[in-house]
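The values are calculated or read from the model by the stated rules, or taken from the named source; none is laboratory data. Quantities reported herein were computed from a predicted structural model and do not represent experimental measurements. Glycine gets a Cβ as well: all are built from the backbone with ideal geometry, and neighbour counts include every protein chain shown. Surface accessibility is based on the protein's heavy atoms, side chains included, excluding ligands, DNA and RNA. Shrake-Rupley method; radii C 1.70, N 1.55, O 1.52, S 1.80 Å.
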Amino acid sequence: YALLPTYCKTQEHSSFAYLTIKDRIPQILTKAIDTLHRHKNEMFEKHGEKGIEAEKKAISLLSKLRNESQTDKPIVPLVEKFADTDIWNQYLEHQQDLLNDSDGKPRWFYSPWLFVECYMYRRIHEAVIQSPPIDDFDVFKESKEQNFFESQESIMALCIHLRELMQIIEHLDENQLKNEFFKLLQISLWGNKCDLSLSGGESSSQKTNVINSLEDLKPFILVNDMEHLWSLLSNRKKTREKASIVRVDIVLDNSGFELVTDLILADFLLSSKLATEIHFYGKMIPWFVSDTTIHDFNWLIEQVKYSDHKWVSECGANWENYVKTGRWVYHDHIFWTLPHEFCAMSQVAPDLYAELQKAHLILFKGDLNYRKLTGDRKWEFTVPFHQALSGFHPAPLCSIRTLKAEIQVGLQPGQGEQLTASEPNWLTTGKYGVFQFDGPL
């Protein structure tokens, strides 16, 4: 471990990490406080005076949190008992041990960025669970639903595309099937642009039809390992026995439009027989503003099912059926909302690691997963992806991610420097994307 590069830190003033803590975190907390204010009447109707008291308490805890972050206070242990409280507090102690600082306390502007950002979302959850009877309130639910509704036209276009594809899928030759697979992978990649934590919780819906833009977007894919995914799945399809299982796991990122693109890809994988079952992993608690929870997953499928458009509604009905028949399986695990990098999973959550080992392919969606895959460290751009995973290899895996953090590995020599010269912010705008594969070729 001595040879590992340092973590991305929050104290470097020119860094995206510093700007996140300085600007985006207060903005996200202010929006959460505002959401609680606006739901005051609803809480009163539901819970009477107790609801009002709880709302006040949650607001006061979030205001305190905002103040702590803005005044660079020490990071304090969690107090409310929850499934992960002890693991979090142990991790905080570990961060303290790493500091040679005189007072030995990690602070908001003097800590690894990944840890501080995860800690902030975990503290939002703590503020809510400390405030019964509103302890199941999701302060981000409204903005996630808004993202879905504002992306209606794009969602309709994708569902229609999928239904049309399903009518001819049996008649497609190998090459045509591969092209459709690549198209839906790219749609899922660019769907990852819709990230509410990047915009401080402001609207980031998909209003254009992404299908028509795929050719124009191709030059922005910096690492393109789609061929490896096709080889892996199509070879399995050719060689597998009739009743054998091909399992693809998708570690989800954002709800709303991005989740629709993931479900469309998952539907295609089953219909094309490239996979026989899909396992999804979401977050157990509201996370990074727009991340998918089980509530978001079920809510979205229901919304699609009750669409006025016949073909959209058919997609929703099929998806519900996949869930009912066990061809789609949704998993919850507390590990996804811990601050640990994924190379620690086999120690911290061996049950989850064992579950992922059952997959023939794992797709990791989005930027936070990429940061945790690579440990959010300052790797050189040319370091191989396999090396940056630091021993995390449960199964063949692929990161499908648009770049929104100052970390990228596996580039060609000079590629990163060239991008930096022409576009200083290329790492953080979501304009560029990768399909980065790790596994036997």
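First check a/c for the range 222-372, with a ≥ b ≥ c the square roots of the eigenvalues of its C-alpha gyration tensor; if it is under 1.5, answer rounded, and if not, answer prolate when a/b is larger than b/c or oblate otherwise.
Oblate, since a/c reaches 1.5 and b/c is not below a/b.
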For the chain, what is the charge dipole size about the Cα centre, in debye to the nearest 20, if Lys and Arg each add +1 at the Cβ and Asp and Glu each add -1 at the Cβ? 240 debye
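Here are some pairs, Lys144/Lys310; Lys31/Lys207; Lys73/Lys404; Lys57/Lys207; Lys57/Lys378; which of them have Cα atoms lying more than 31 Å apart in this structure? Display every interim value, and only then the final one.
Working: Lys144/Lys310 24 Å; Lys31/Lys207 23 Å; Lys73/Lys404 26 Å; Lys57/Lys207 38 Å; Lys57/Lys378 39 Å.
Over 31 Å Cα-Cα: Lys57/Lys207; Lys57/Lys378.
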Most to least packed among 126-137, 237-248 [average Cβ atoms within 10 Å]: 126-137, 237-248
Probe 1.4 Å, all protein chains in place: accessible area of Lys183 in Å², nearest 10? 70 Å²
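Kindly rank 365-373, 335-343 from highest to lowest mean number of other beta carbons found within 10 Å of each residue.
Numbers: 365-373: 24.4, 335-343: 21.8.
Ranking, from highest mean packing down: 365-373, 335-343.
On the accessible surface of the range 16-114, probed at 1.4 Å, how many percent belong to carbon and sulfur atoms?
Details: 2710 of 5270 Å².
Percent of accessible area from carbon and sulfur atoms in the range 16-114: 51.
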Report Tyr281's accessible area, 1.4 Å probe, all protein chains in place, as a number in Å² to the nearest 10. 0 Å²
From the square roots a ≥ b ≥ c of the eigenvalues of the alpha-carbon gyration tensor of the range 150-260, which class results: rounded (a/c under 1.5), prolate (a/b over b/c), or oblate? prolate
Give me the one-decimal nm value for the distance between modelled label points at Thr30 and Asn175, 7 Å along each residue's Cα-to-Cβ direction. 5.6 nm
For Gln146 and Ala395, compute 0.36 nm times the residue count separating them, minus their Cα-Cα distance, and round to one decimal in nm. 86.1 nm
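Put Val223, Val323 in order of accessible area, largest first, 1.4 Å probe: what do you get?
On the way: Val223 20, Val323 60 Å².
These residues rank, largest area first, as Val323, Val223.
Suppose R0 equals 25 Å; then what is the FRET efficiency for Asp308 and Asp138 from their Cβ-Cβ distance, rounded to the nearest 0.05? Provide the component values of the computation, followed by the final result.
Values: r = 27 Å, r/R0 = 1.06.
The value I calculate is 0.40.
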Report relative contact order for the range 381-441 in percent, whole number only (criteria: Cα-Cα under 8 Å, sequence separation at least 6). 51 percent
Among DSSP beta bridges whose residues both lie in the chain, state the antiparallel percentage, nearest 5. 35 percent
Can you pull the percent of the range 146-438's accessible area that's carbon plus sulfur, 1.4 Å probe, other chains left in place? 50 percent
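Between Glu227 and Val383, what length in nm is gained on full extension when 0.36 nm per residue of separation is reduced by their alpha carbon distance?
Values: separation 156, 0.36 × 156 = 56.16 nm, distance 2.09 nm.
54.1 nm is the gain from fully extending Glu227 to Val383.
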Sequence-distant or interchain residues sharing an amide H contact under 5 Å with Arg107, placed H: which? Ile75
Scan around His331 for amide H atoms under 5 Å from its own, H built in the peptide plane at 1.01 Å from N, and keep only partners 5 or more places away or cross-chain. Phe280, Tyr281, Gly282
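Can you tell me the length gained on complete extension of the stretch Asn298 to Leu214, counting 0.36 nm per residue apart and subtracting the Cα distance? Walk me through the numbers before you get to the answer.
Values: separation 84, 0.36 × 84 = 30.24 nm, distance 2.86 nm.
Extra length from Asn298 to Leu214 when fully extended: 27.4 nm.
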From phi via Karplus (6.51, -1.76, 1.60), per-residue ³J(HN,Hα) for the range 46-58 in Hz, x at Gly/Pro: 7, 10, x, 4, 4, x, 5, 4, 5, 4, 4, 5, 4
Site Lys324, offset 7 angstrom along Cα→Cβ, radius 14 Å on amide nitrogen, limited to the range 286-302, gives 302
